[in-house]
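Since the structure comes first, as C-alpha cells, the remarks are kept for the end.
The values are calculated or read from the model by the stated rules, or taken from the named source; none is laboratory data. All of these numbers come straight from a predicted model, not from anything done at the bench. Glycine also receives a Cβ, built like all others from the backbone with ideal geometry; neighbour counts cover every protein chain displayed.
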Amino acid sequence: MTESFFSLYSHGFVRAAVCVPTVRVADPVYNAEQTIGLAKRASEGGAAVALFPEMGISAYTNDDLFHQDALLEATLQGLQSIVEASRALTPVLLVGLPLRVSGRLFNTAAIVYRGRILGITPKSYLPNYREFYEKRQFAAAREAIDREITLFGQRIPFGDDLVFRAETLPDFVLFAEICEDVWTPLPPSTFGAMAGATLLCNLSASNITVGKADYRRDLCMGQSGRCVAAYLYSAAGPGESTTDLAWDGHAIICENGGVLAESERFSPEEDILFADIDVEKLVQERMRLTSFGDARHDFRERLKAIRTIDFAFEIPAETLLNRTVARFPFVPADAAKRDERCYEAYNIQVHGLMKRLQSSGISRLVIGVSGGLDSTQALIVAAKTMDRLGLPRTNILAYTMPGFATSDRTLKNALGLMESLGVTAQEIDIKPSCLQMLRDIGHPFHNGEPVYDVTFENVQAGQRTSILFRLANFQNALVLGTGDLSELALGWCTYGVGDHMSHYNVNASVPKTLIQHLIRWSVETTQFNERTSGYLTSIVETEISPELVPHDKGDKDAPAQSTEATIGPYNLQDFNVYYISRYGFRPSKVAYLAFHAWSDADQGAWPDSVPQEKRVAYDLPTIKKWLGVFLFRFFQTSQFKRSCVPNSPKVGSGGSLSPRGDWRAPSDSSATVWLQELERNVPTL
C-alpha cells in the first residue's frame, strides 16, 4: 500500500461525480456529445462514478414525442456513442434514456463502463398526478417481462433489481433508481442498500417549484441516513422545455445523513459536482448497526431476488483526497454549530450531575481543583448544577492540594477560580502526608534524594484522591471526578486511588480538545462573571501538565512537565481516539486522514477561539510516531483502567469508553496487529 498511500482509493474512498449537462429537447446527438464531454471531465477528475439526469440523452420534456420512432432510434444511437466513448474513461456512467423493450416503453438508466453496458434499470414508480403524466408514455418496472435484453450485440441484465459491484474495490457497490422512486414510502434504493449497495444513484428530472429544493435535499439526506449509504442525485437543468415547467439543475451528494456537496441551482451552464465518499466507513457503520441487519433479515426473501453484477473496475491512478477532514472531530469549526455543540455538552453534564445528586439524596459535592482544564470544567459544571437545583454554591466543597511541583500560576488560578465562583474553598498542603508515605515505604525521596519515579508521582495523585474520599465521608458529600476521555484512552490517569476514581464523573466522555472549547465557550457566552472568566481564560492558556515533578532549579512560575511531550499532542490523540474507537479504522487510514487534516497549518477552517500561535501543522512522521504511541497505550496497556470507570453521562456521538457504554474490550489484548499495520502501510518520509 505504501506506493499508493496518498491515493484516496487506497483508504476506502470513492470519488463520485454528479453531472448536469445542457440539453436540447429531442436532440440526442447533441445531448450525447454533452454527456460525453462531462464524462471526460469526470474521468480527468479521477471519479469512479458519474451520474447524469433522467432522460438525459433525449431530454425529459418530450411528452408524446417519446412515441416517435425517429426519436427513439436517435436516442439509441446517442447511447451507443456514449458506450463507445466510455472505453477510455475512468468512471462508471449512469445515463438516462427512453428504451423500448418487448413492445413497451420504459424510462431507464443505463449503467455503462469501459465500452460495455453492465445493466439497465427501469423506473419503478411513474408519477401520474398534478403536472406529471408519465403513465401516458411509459410502463413501470413491474410490467417488464424480460430479465435480459439484447442491445448492440450484448446480452444485458434488465430490471429494477440490479446491484453493481466492483471486484477490485469491494465496498464500491452501485444501485440506480429514477426520480419518483425516492419519493415513495419504500424506495427501491432501500432494498439496494440492504443488498449491499453503498452508492445509491438517482437519475432525476424533477422540475422546480418554490420550496421543492429543500424537500429534495431532505429526501436525499434522509434516504442516505436510513440506508447508511451515499446518495447521489442529479436533476434536469438548462435546456429542458419550459412550456409548463421550470428546471433548476439541482445536484446533491449525501453521505449517511449529511450533505457532502451541492450544486449552484439555476446555473445557465452545464455543471459537474465532485465528492469523495467514504464507502469503507459506511460498511463499518452497517456492521455495527444491529437494526440494519435485522431489517435485512425481515426482507430476506425480497433480497434473494436481487441480482449482483460484478465488474472489473480499473482503479484510477493516484488521486489525492478532496474532502474536508475536520482537525477536531469533536469540535465543529463552524462557530454556530460549535456554540450549539458546547451548549448541549455542557447541559448534558449538568443534567447528569443533577440526577445523581437527586437520586442519592446528597446535596454536597467534594472536588479537587488543580487549576488545570479538567477540574475547571467539572467545577463550573458543579456550580451550574447547584444553581439549577436551587442550592447554594457553598455546597461545593472545593479543595486545592498543592504538591511538590505545583506552579504558582496554577495555584493562583485554582484559588482565584474557587473564590470567584463562591464555592467553599480550602487549601490542603499534601507534601507532609506524601513525605510520610514515602518514608513509610522506604522511598529515597524522603531523605532528600531527587528520585522522581512513578511512585513519587502516584503518591501525590493517590494522596489527593484519598483525602477527597475521606472528606466526602466526613461531609456527607459525593466526590466529583474530573478525568476526561483523552486521558482514559491513553491510560493517563492514576488507577484506583488516584484521579481515576470518584463517585461520579462529568468529564469521562469529553475529550481534552472539547473541554478547552467548553471553557472558552463559557467565557464567550458570559456564563459567569467577568472575574471568573478571567481565571477561565488563564487556565485554558496554561500548558497542560500533571505537575508532579518539580523544576530542577525550583522554578515555580510554570509547570516543569509537559503532558503532550510524553503522550503526544491532544490535537492528534483526540483525532486518533475518534477514528479508532468510533469507526474501527485501520491505523494507516487514520494516519492518512490525520495527514490530510493536519499537514498544513493553514488548510481548512480553524475555530475562531484557537489562538494563532497554536494553529500548528504535523508532518507524516510526527503523525505516525504519536499514532504508534496511541495504539500501544490504547490497545495494550490501558484497558484495565477503562473496565471499572465510575458512572458518567455519555456526552458526544464520538462515543464513551465506559464498559457500560460504547466500548467493551479485554484488558489483556495485544497492540501488535495495529502497530504492524501502521508500520507496514504508512511510509516514513
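Give me a count of the residues in region 127-153 that are closer than 22 Å to residue 208 by Cα and in a helix (DSSP H, G or I).
3
Quick test for you: out of 371, 416, pick the one residue that is part of a helix (DSSP H, G or I), surrounded by 15 or more Cβ atoms within 10 Å (Cβ to Cβ) and at pLDDT 95 or above.
Details: 371 fails: part of a helix (DSSP H, G or I).
Going through 371, 416 in turn, the sole match is 416.
Within region 454-490, can you find the residues that are assigned to a loop (DSSP other than H, G, I, E, B) and crowded, with 19+ Cβ neighbours inside 10 Å? It would help to see each step written out before you state the result.
Of the residues in region 454-490, the ones assigned to a loop (DSSP other than H, G, I, E, B) are 476-477, 482-484.
Listed by number, the residues that qualify are 477, 482, 483, 484.
Would you say residue 56 is on the phi > 0 side of the Ramachandran plot and under 39 Å from the mean Cα position of the chain (by Cα)?
no
Determine, yes or no, whether residue 504 is in contact with a strand residue (DSSP E or B) (Cβ under 8 Å, 6 or more places away or on another chain) and of a type outside the set (A, V, I, L, M). I'd like the intermediate steps shown before the answer.
Details: in contact with a strand residue (DSSP E or B) (Cβ under 8 Å, 6 or more places away or on another chain): yes; of a type outside the set (A, V, I, L, M): yes.
In short, yes.
Find the residue count for region 327-353, including only residues that are assigned to a loop (DSSP other than H, G, I, E, B), of a type in the set (D, E, K, R) and buried (at least 18 other Cβ atoms within 10 Å of the Cβ). Give the derivation first.
From region 327-353, those assigned to a loop (DSSP other than H, G, I, E, B) are 327-334; that's our starting set.
Keeping just the survivors that are of a type in the set (D, E, K, R) gives 327, 334.
Now narrow it down to the ones that are buried (at least 18 other Cβ atoms within 10 Å of the Cβ): 327.
The total comes to 1.
Which condition number does residue 121 fail, the rest of (1) in a loop (DSSP other than H, G, I, E, B); (2) crowded, with 20+ Cβ neighbours inside 10 Å being met?
Unmet condition: (1).
Can you say whether residue 191 is aromatic (Phe, Trp, Tyr), assigned by TED's automatic domain parsing to the domain that holds residue 24, crowded, with 20+ Cβ neighbours inside 10 Å and in a strand (DSSP E or B), as far as the supplied structure shows?
Numbers: aromatic (Phe, Trp, Tyr): yes; assigned by TED's automatic domain parsing to the domain that holds residue 24: yes; crowded, with 20+ Cβ neighbours inside 10 Å: yes; in a strand (DSSP E or B): no.
Judged against the criteria, residue 191 is not a match.
Of the residues 378, 382, which single one is in contact (Cβ under 8 Å) with a residue 40 or more places away in the chain, within 26 Å of residue 569 (Cα to Cα), of a type in the set (Gly, Ala, Ser) and crowded, with 18+ Cβ neighbours inside 10 Å?
Numbers: 382 fails: within 26 Å of residue 569 (Cα to Cα).
Result: 378 is the single residue among 378, 382 that is in contact (Cβ under 8 Å) with a residue 40 or more places away in the chain, within 26 Å of residue 569 (Cα to Cα), of a type in the set (Gly, Ala, Ser) and crowded, with 18+ Cβ neighbours inside 10 Å.
What residue, of 502, 433, is among the small types (Gly, Ala, Ser) and touching a residue at least 60 places away in the same chain (Cβ under 8 Å)? Explain how you work it out, then say what you get.
On the way: 433 fails: touching a residue at least 60 places away in the same chain (Cβ under 8 Å).
It is 502.
Of the numbered conditions (1) surrounded by 21 or more Cβ atoms within 10 Å (Cβ to Cβ); (2) at pLDDT 95 or above, residue 547 fails exactly one; give the number of that condition.
Against the list (1) surrounded by 21 or more Cβ atoms within 10 Å (Cβ to Cβ); (2) at pLDDT 95 or above, residue 547 comes up short only on (2).
Out of (1) within 17 Å of residue 582 (Cα to Cα); (2) in contact (Cβ under 8 Å) with a residue 60 or more places away in the chain; (3) β-branched (Val, Ile, Thr), what's the single condition that is false for residue 290?
Unmet condition: (2).
From 616, 651, which residue is assigned to a loop (DSSP other than H, G, I, E, B), in the same structural domain as residue 499 (by TED's automatic domain parsing) and either among the aromatic types (Phe, Trp, Tyr) or crowded, with 21+ Cβ neighbours inside 10 Å (or both)?
On the way: 616 fails: either among the aromatic types (Phe, Trp, Tyr) or crowded, with 21+ Cβ neighbours inside 10 Å (or both).
Sole residue among the options that is assigned to a loop (DSSP other than H, G, I, E, B), in the same structural domain as residue 499 (by TED's automatic domain parsing) and either among the aromatic types (Phe, Trp, Tyr) or crowded, with 21+ Cβ neighbours inside 10 Å (or both): 651.
Among the residues that make up region 222-236, is at least one of them in a loop (DSSP other than H, G, I, E, B) and within 15 Å of residue 19 (Cβ to Cβ)? Lay out the reasoning, then the answer.
The initial filter retains those residues of region 222-236 that are in a loop (DSSP other than H, G, I, E, B), namely 227-229, 235-236.
After this cut, where a residue has to be within 15 Å of residue 19 (Cβ to Cβ) as well, the list is 235-236.
There is at least one residue in region 222-236 that is in a loop (DSSP other than H, G, I, E, B) and within 15 Å of residue 19 (Cβ to Cβ).
Tally up the residues in region 25-66 that are crowded, with 24+ Cβ neighbours inside 10 Å, part of a loop (DSSP other than H, G, I, E, B) and touching a Phe, Trp or Tyr at 6+ places or on another chain (Cβ under 9 Å), please.
Of region 25-66, the ones crowded, with 24+ Cβ neighbours inside 10 Å are 28, 31-32, 35, 39, 42, 47-60.
Applying the additional criterion that residues be part of a loop (DSSP other than H, G, I, E, B) yields 47-48, 52-60.
So of that shortlist, the ones also touching a Phe, Trp or Tyr at 6+ places or on another chain (Cβ under 9 Å) come out as 47-48, 53-55, 58, 60.
Residues flagged as crowded, with 24+ Cβ neighbours inside 10 Å, part of a loop (DSSP other than H, G, I, E, B) and touching a Phe, Trp or Tyr at 6+ places or on another chain (Cβ under 9 Å) within region 25-66 amount to 7.
From 563, 542, which residue is surrounded by 20 or more Cβ atoms within 10 Å (Cβ to Cβ) and under 36 Å from the mean Cα position of the chain (by Cα)? Outline the logic, then answer.
Numbers: 542 fails: surrounded by 20 or more Cβ atoms within 10 Å (Cβ to Cβ).
Just one listed residue meets the conditions, 563.
Tell me, please, whether a residue that is at pLDDT below 95, charged (D, E, K, R) and either surrounded by 13 or more Cβ atoms within 10 Å (Cβ to Cβ) or outside any helix (DSSP H, G or I) (or both) can be found in region 306-326.
yes
List pairs: first residue in region 189-202 and more than 11 Å from residue 165 (Cβ to Cβ) and touching a residue at least 40 places away in the same chain (Cβ under 8 Å), second residue among the β-branched types (Val, Ile, Thr) and in a loop (DSSP other than H, G, I, E, B) anywhere in the structure, Cβ distance under 8 angstrom, at least six positions apart or on different chains.
191/306; 192/306
Name the one entry in 286, 356, 302 that is part of a helix (DSSP H, G or I), surrounded by 13 or more Cβ atoms within 10 Å (Cβ to Cβ) and assigned by TED's automatic domain parsing to the domain that holds residue 378.
Details: 286 fails: assigned by TED's automatic domain parsing to the domain that holds residue 378; 302 fails: assigned by TED's automatic domain parsing to the domain that holds residue 378.
One residue alone meets the criteria, 356.
What about residue 22, is it surrounded by fewer than 23 Cβ atoms within 10 Å (Cβ to Cβ) and either in contact (Cβ under 8 Å) with a residue 40 or more places away in the chain or under 28 Å from residue 144 (Cβ atoms) (or both)? Steps first, answer last, please.
Working: surrounded by fewer than 23 Cβ atoms within 10 Å (Cβ to Cβ): yes; either in contact (Cβ under 8 Å) with a residue 40 or more places away in the chain or under 28 Å from residue 144 (Cβ atoms) (or both): yes.
The answer is yes for residue 22.
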